[in-house]
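Accompanying notes for the structure given below.
The values are calculated or read from the model by the stated rules, or taken from the named source; none is laboratory data. Bear in mind that the values here come from a model prediction, so they are computed numbers and not experimental data. Cβ placement follows ideal geometry from the backbone for every residue including glycine, while neighbour counts extend to all protein chains displayed.
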Amino acid sequence: MKIKDLTIMAICLSILIICSKISFNIGIISLTLQTFAVVIISLLLKWKKASIIFLTYIIMGLIGIPVFSNGGGFHYIFAPSFGFIIGFFVSSFIIGSNIGNSKWLKIIKGIIGLLVLDIIGMIYMYLILKFYLDSPKATVTYVIEAGFLPFILKDLVSTVLAGLIAIRLEPVLFNNDVKNKNYIFENEK
């Protein structure tokens, strides 16, 4: 990897951590801006680099660095919300795939990735509530009401917004066109 790639990846990891800390506790799952960060990172960096960022984020949190919305540590794997964090990693393969490059296809990949993220998160949430916490609330209805419905509108809006921003940022970050470099240097004179 080039230094430019590592720098952009570090900035994206920082954005993900910041978006996780913008958190509002509204129940068993906190409302954060992580979905926005996941979509924009995956669209900009594609699946290989994005998956490295999300894997790094998960490892950092599990070893105790407080990067998750409610801290960090290995015990976090027993939190009902941890499945959504796993979903970040998995959805990066879908959102960051090289299938199609049109702006609408990028937004559609973001929405499909969001759906995958939510399904993984809700399954994990159900399993933790049912088998680890032995909660009487461990029903499919409760999981949908607590882990999906309060967030779907915010997640859809942030996914579309992240897709539109990524479409505009991609040429700026990754354009290696000589014409643009000459244009920049000519305007600096």
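Okay, here's what the table says:
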item: Among (1) at pLDDT below 95; (2) surrounded by fewer than 13 Cβ atoms within 10 Å (Cβ to Cβ) - the single one GLU170 does not satisfy; result: (2)
item: Filter result (surrounded by 11 or more Cβ atoms within 10 Å (Cβ to Cβ) and not small (Gly, Ala, Ser)) within the stretch 12-24; result: CYS12, LEU13, ILE15, LEU16, ILE17, ILE18, CYS19, LYS21, ILE22
item: Residue check for GLY87: surrounded by 15 or more Cβ atoms within 10 Å (Cβ to Cβ), closer than 23 Å to MET122 by Cβ, under 12 Å from the mean Cα position of the chain (by Cα) and without any contact (Cβ under 8 Å) to a residue 40 or more places away in the chain; result: yes
item: All positions within the stretch 116-143 that are under 17 Å from PHE78 (Cα atoms), assigned to a helix (DSSP H, G or I) and among the hydroxyl-bearing types (Ser, Thr, Tyr); result: TYR124, TYR126, TYR132
item: Top-ranked residue in the stretch 1-48 [being among the hydroxyl-bearing types (Ser, Thr, Tyr) and free of Cβ contacts under 8 Å to residues at least 60 places away in the same chain; ranked as farthest from LEU173 (Cα to Cα)]; result: SER30
item: Selection status of PRO80, closer than 19 Å to ILE26 by Cα and either outside any helix (DSSP H, G or I) or touching a residue at least 24 places away in the same chain (Cβ under 8 Å) (or both); result: yes
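Results for (1) modelled with pLDDT of 90 or more; (2) within 21 Å of LEU44 (Cα to Cα); (3) aromatic (Phe, Trp, Tyr); (4) surrounded by 13 or more Cβ atoms within 10 Å (Cβ to Cβ), shown as yes or no for each residue.
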| site | (1), (2), (3), (4) |
| --- | --- |
| GLY96 | yes, yes, no, yes |
| LYS106 | yes, yes, no, yes |
| GLY110 | yes, yes, no, yes |
| LEU129 | yes, no, no, yes |
| SER135 | yes, no, no, yes |
| ALA138 | yes, no, no, yes |
| THR141 | yes, no, no, no |
| GLY147 | yes, no, no, yes |
